[in-house]
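Participant: Okay, handing you the structure first.
The values are calculated or read from the model by the stated rules, or taken from the named source; none is laboratory data. Nothing here was measured: the structure is a model prediction, and the numbers come from that model. No Cβ is skipped: glycine too gets one built from the backbone with ideal geometry, and neighbour counts run over all protein chains shown. With ligands, DNA and RNA removed, areas are computed over all heavy atoms of the protein, side chains included. Shrake-Rupley method; radii C 1.70, N 1.55, O 1.52, S 1.80 Å.
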Amino acid sequence: MPAYRSLYTYAWDIADIGVTRFVDEVLAMGITDVTLATAYHAGKFIRPHAKKPPCVIFPEDGVTYFDPDLSRYGDIKPQAHSDDSIRGILPALLSDGRVKVHGWTVLLHNTRLGIAFPEYTVKNAFGDGYVYSLCPMQSDVFDYAVNLCADLTHQHALSSIVLESPGWQPYGHGYHHEFAQVATNAWLDNMLGMCFCDACKTAAKEKDIHIDALQTRIQDNIKNYLALPADANADQAASWTQSDLLSDADLLAFICLRQDRVTQLVTEIRAAIPASCQLAVIPTVQRPTSACWTEGSDLKALSEVADYIEIPFYEPNANRAIADAWESLRQIGNPEKVRAILRPGLPDLNQGAELGAAIAGIQALGIKDFAFYNYGLLPQYQLDHLAKTLKGNT
């Protein structure tokens with residue numbers, strides 16, 4: 001099969017110039033595929049090469065960019081974007097037919113649904129709900145995610161569906177105006193990111209995990225750290241995390257339970273979508289990829305039930321991106337199962353100058369498929385640099 005050279009984009013950026021001109025432009029860059037947001041969360045994005053306003057856009061929160069068939073859903077139902085011209089971009093892009101189209105589908109990072117269904121959101125060790133994160137252990141949330149993917153792919157003949165956030169969102173990701181006057185670190189984020197909702201606790205008890213005692217330990221860990229008149233650095237936080245995993249059998253079992261649930265969800269989605277539509281999973285929103293276990297992602301297991309693991313190697317330089325790819329492959333085993341995502345500009349790869357080196361180094365590991373983020377967010381000169389790089393790294 002020809003190599004995957006995809007460009008992540010939003011429907012509003014295509015609408016800015018029209019589907020025909022957009023496809024003309026990306027084909028001239030050396031792009032063969034487009035990964036279009038089909039379900040997405042809120043944000044605040046600056047559009048440096050926008051032809052029409054807005055220059056700064058605030059997308060509608062937690063909506064789909066296609067018309068969902070609401071008869072497919074249970075209690076949790078998606079909401080379509082309010083502008084039918086924006087919803088029309090996906091079918092128009094498919095109708096154009098000159099690029100392969102992939103559906104970038106954000107599953108459980110959805111503040112609109114979290115506000116509407118607080119009973120289905122993640123609950124931390126203190127019982128505080130995270131409105132931006134739906135818990136996949138909840139059966140209604142699980143069913144919503146499967147139904148959303150089935151609905152999208154049975155209506156639209158996508159080449160693949162790309163799943164983002166099929167698991168638990170980290171504490172430090174996903175909500176606007178996040179603010180703290182205590183120093184955070186990976187260990188604290190992990191402690192605050194564990195879900196103790198009723199569904200998670202019930203599932204844990206069925207596996208003979210002493211979940212109530214674990215919840216109390218995590219509460220105490222967090223309270224004691226927040227009272228400490230000192231901050232842990234990155235190395236200390238990493239060693240604390242390692243110590244917890246090695247010494248707390250209930251914590252390790254609980255993490256494995258979460259990973260099994262995400263793998264089960266992806267398995268069910270794969271069974272629910274057409275055989276002609278491939279399935280890719282973005283396993284993490286964190287750096288490095290090896291931190292994905294905190295979100296419930298098991299790279300090896302997911303690679304066995306999905307067609308691809310699509311990994312954002314978002315690093316400040318090429319060496320770190322290549323090292324992350326090496327470590328990801330060490331777990332997955334098969335480079336043909338991996339699609340790499342790179343950001344060819346700020347804040348990554350020495351402002352994009354090391355894009356070619358990153359592509360070449362990752363290709364040397366056996367990974368041949370690449371996507372690039374993001375058409376509407378990159379300045380024009382960075383898009384031009386991407387095009388020039390692709391022509392020299394085919």
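Participant: Which of (1) touching a His at 6+ places or on another chain (Cβ under 9 Å); (2) surrounded by 18 or more Cβ atoms within 10 Å (Cβ to Cβ); (3) in a loop (DSSP other than H, G, I, E, B); (4) not acidic (D, E) is the odd one out, the single condition A280 does not satisfy?
Facilitator: Of the numbered conditions (1) touching a His at 6+ places or on another chain (Cβ under 9 Å); (2) surrounded by 18 or more Cβ atoms within 10 Å (Cβ to Cβ); (3) in a loop (DSSP other than H, G, I, E, B); (4) not acidic (D, E), the odd one out for A280 is (3).
Participant: P288 - would you say it is open to solvent by 10 Å² or more (accessible area, probe 1.4 Å) and over 30 Å from T216 (Cα atoms)?
Facilitator: On the way: open to solvent by 10 Å² or more (accessible area, probe 1.4 Å): yes; over 30 Å from T216 (Cα atoms): no.
Against the criterion (open to solvent by 10 Å² or more (accessible area, probe 1.4 Å) and over 30 Å from T216 (Cα atoms)), P288 does not qualify.
Participant: Looking at segment 251-266, can you tell me whether even one residue there is touching a His at 6+ places or on another chain (Cβ under 7 Å) and surrounded by fewer than 19 Cβ atoms within 10 Å (Cβ to Cβ)?
Facilitator: No, segment 251-266 contains no residue that is touching a His at 6+ places or on another chain (Cβ under 7 Å) and surrounded by fewer than 19 Cβ atoms within 10 Å (Cβ to Cβ).
Participant: May I pose another question? Cβ-Cβ distance below 6 Å, separation of 6 or more or different chains: which pairs start in segment 233-256 with a residue that is within 13 Å of I211 (Cβ to Cβ) and end on one that is at pLDDT 95 or above and open to solvent by 60 Å² or more (accessible area, probe 1.4 Å)?
Facilitator: D250/H210
Participant: Further, regarding this structure: Which of the residues that make up segment 256-274 are β-branched (V, I, T) and touching a Phe, Trp or Tyr at 6+ places or on another chain (Cβ under 9 Å)?
Facilitator: To start, the set of residues in segment 256-274 that are β-branched (V, I, T) comprises 262-263, 266-267, 269, 273.
Matches in segment 256-274: V262 only.
Participant: Evaluate segment 293-316: report whether one residue or more is open to solvent by less than 30 Å² (accessible area, probe 1.4 Å), farther than 22 Å from L108 by Cα and free of Cβ contacts under 8 Å to residues at least 60 places away in the same chain.
Facilitator: yes
Participant: Follow-up. For residues in segment 133-188 being within 19 Å of I311 (Cβ to Cβ) and part of a loop (DSSP other than H, G, I, E, B), which is farthest from the chain's Cα centre (by Cα)?
Facilitator: First, pick out the residues of segment 133-188 that are within 19 Å of I311 (Cβ to Cβ): 159-170, 173, 186.
After this cut, where a residue has to be part of a loop (DSSP other than H, G, I, E, B) as well, the list is 159, 165-170, 173.
Numbers: S159: 18, S165: 5, P166: 8, G167: 9, W168: 11, Q169: 9, P170: 11, H173: 11 Å.
Top of the filtered list is S159.
Participant: Just give me the residues in segment 362-394 being aliphatic (A, V, I, L, M), part of a helix (DSSP H, G or I) and either open to solvent by 40 Å² or more (accessible area, probe 1.4 Å) or free of Cβ contacts under 8 Å to residues at least 12 places away in the same chain (or both), in sequence order.
Facilitator: A364
Participant: Please state which one of I322, I282, I359 is in contact (Cβ under 8 Å) with a residue 40 or more places away in the chain, out of contact with any strand residue (DSSP E or B) (no Cβ under 6 Å at 6 or more places or on another chain) and not basic (K, R).
Facilitator: The unique qualifying residue is I322.
Participant: Hey, could you check segment 23-51 for residues that are in a helix (DSSP H, G or I) and without any contact (Cβ under 8 Å) to a residue 24 or more places away in the chain and say which is least open to solvent (accessible area, probe 1.4 Å)?
Facilitator: Within segment 23-51, the first condition is being in a helix (DSSP H, G or I), and the residues that meet it are 23-29.
In the following step, the residues that additionally are without any contact (Cβ under 8 Å) to a residue 24 or more places away in the chain were identified as 24-25.
Numbers: D24: 75, E25: 47 Å².
Applying the filter and picking the extreme gives E25.
Participant: Which condition does S71 not pass, out of (1) under 19 Å from L152 (Cβ atoms); (2) touching a helix residue (DSSP H, G or I) at 6+ places or on another chain (Cβ under 7 Å); (3) surrounded by fewer than 16 Cβ atoms within 10 Å (Cβ to Cβ), if it passes all the others?
Facilitator: (2)
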